[in-house]
C-alpha cells in the first residue's frame, strides 16, 4: 500500500513522538456526495485522515466545518462518528435560521462551537452582524465561538469581540500579519481578551501569514501567546490545508511547533490537557 497521504507532503513521522491522547484541534473533512462545490477536497475523508493520525501520532481530533459545505454540517457530524465520538469533537457553521432543536441535535452529535470565517469577504458564508446573536444562543449549550478573521478585521470589529460573554477561540494565531506579527494592534486586543480568562488561541496555519520553509515570524507569535496563557493554547494541523496549492509536510509542521514552543512539558500540555478541557474530552 502506498505510504503517501492526500493533501500532505512527505512520509516520515515527527522527530519527537507525540504524547498519549495528543489532539489535532483543527482539521476539515469533506463529502463530495453532499456538495458539487469546486472547493470540495474529495479525498479529505475520515479514512485518509486516520492515515495521517497514524503517521503523526495524534488520537483526538476536532473537525471544523469547511466553507464548501456552508450550513450543511453533515460531513462534520458524520466525521465525528467515523473517527470515534469518544475522541472527536466538531465546530459547526450556522446561520440565524438554525432552530434550537437543531442546535441540541448537533450538541448530541459532538459539536462544541461555531465558526465565523470572514477573512475573505468574497467567500464568507457568515456575517459580522450574526456574531453576537448566535454567540448568545450557543453559550447556553456551553459552546465557544471560533473566530477566523484577519488581524485588521479583529481590530475593526473589536466592539463585537468585547461584547461577547462566551468562550472565544482565535484561529490560526489570530492571523497576525507579517512582518508586524506580535507588534500588530490585533495582538494587544487579543491579549486583553486573553487576560479576561475566556479566550483561547489555536497555534495553527503558519503558512497563512508567512512563507515556507521556516515561517520565521510565527516563532515569536507562538512564544508571545504561550507567555500570556499557556493553559489556553491548542494546536491544529489545518489538514487538508484548503488554502494551500502546495501542501506542507504535516510531520515537519509538528516539529516546527515543538521548536517554537521550546519546552516538552508545555508542548504536551498544548497537545493533551488544554484541548481535553476546551473540547470536553475525558481525563488525559
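Does residue 173 count as surrounded by 19 or more Cβ atoms within 10 Å (Cβ to Cβ) and out of contact with any helix residue (DSSP H, G or I) (no Cβ under 7 Å at 6 or more places or on another chain)? No: the conditions fail for residue 173.
In the range 141-154, the condition of being surrounded by fewer than 21 Cβ atoms within 10 Å (Cβ to Cβ), modelled with pLDDT of 95 or more and in a helix (DSSP H, G or I) is met by at least one residue.
Scanning the range 97-125 for residues that are surrounded by 18 or more Cβ atoms within 10 Å (Cβ to Cβ) and either under 18 Å from residue 172 (Cα atoms) or touching a residue at least 60 places away in the same chain (Cβ under 8 Å) (or both) yields 112, 113, 114, 115, 116, 117, 118, 119.
Scanning the range 239-269 for residues that are assigned to a helix (DSSP H, G or I), touching a residue at least 60 places away in the same chain (Cβ under 8 Å) and under 24 Å from residue 6 (Cα atoms) yields a total of 6.
Per-residue answers, yes or no, for (1) modelled with pLDDT under 95; (2) in contact with a strand residue (DSSP E or B) (Cβ under 7 Å, 6 or more places away or on another chain); (3) more than 27 Å from residue 113 (Cα to Cα):
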{"site": "212", "(1), (2), (3)": "yes, no, yes"}
{"site": "226", "(1), (2), (3)": "no, yes, no"}
{"site": "253", "(1), (2), (3)": "no, no, no"}
{"site": "256", "(1), (2), (3)": "no, no, yes"}
{"site": "261", "(1), (2), (3)": "no, no, no"}
{"site": "268", "(1), (2), (3)": "no, no, no"}
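Within the range 82-93, being surrounded by fewer than 21 Cβ atoms within 10 Å (Cβ to Cβ) and either in contact (Cβ under 8 Å) with a residue 24 or more places away in the chain or more than 19 Å from residue 50 (Cα to Cα) (or both) holds for 82, 85, 86, 87.
Are any residues in the range 139-158 under 16 Å from residue 109 (Cα atoms) and either out of contact with any helix residue (DSSP H, G or I) (no Cβ under 8 Å at 6 or more places or on another chain) or free of Cβ contacts under 8 Å to residues at least 40 places away in the same chain (or both), and if so, which ones? Of everything in the range 139-158, those that are under 16 Å from residue 109 (Cα atoms) and either out of contact with any helix residue (DSSP H, G or I) (no Cβ under 8 Å at 6 or more places or on another chain) or free of Cβ contacts under 8 Å to residues at least 40 places away in the same chain (or both) turn out to be 141, 142, 143. Quick check: is even one residue across the range 9-16 touching a residue at least 12 places away in the same chain (Cβ under 8 Å) and either buried (at least 23 other Cβ atoms within 10 Å of the Cβ) or under 27 Å from residue 147 (Cβ atoms) (or both)? Scanning the range 9-16, I find no residue that is touching a residue at least 12 places away in the same chain (Cβ under 8 Å) and either buried (at least 23 other Cβ atoms within 10 Å of the Cβ) or under 27 Å from residue 147 (Cβ atoms) (or both), so the answer is no. Scoring residue 234 on the criteria (1) crowded, with 22+ Cβ neighbours inside 10 Å; (2) more than 30 Å from residue 50 (Cα to Cα) leaves a single failure, condition (2). Each residue in the range 239-260 was checked for being surrounded by 17 or more Cβ atoms within 10 Å (Cβ to Cβ), in contact with a helix residue (DSSP H, G or I) (Cβ under 8 Å, 6 or more places away or on another chain) and closer than 15 Å to residue 17 by Cα, and 7 of them qualify.
The values are calculated or read from the model by the stated rules, or taken from the named source; none is laboratory data. Predicted model only: the values in this text are computed from it and were never measured. Backbone-built Cβ (ideal geometry, glycine too); neighbour counts: all protein chains shown.
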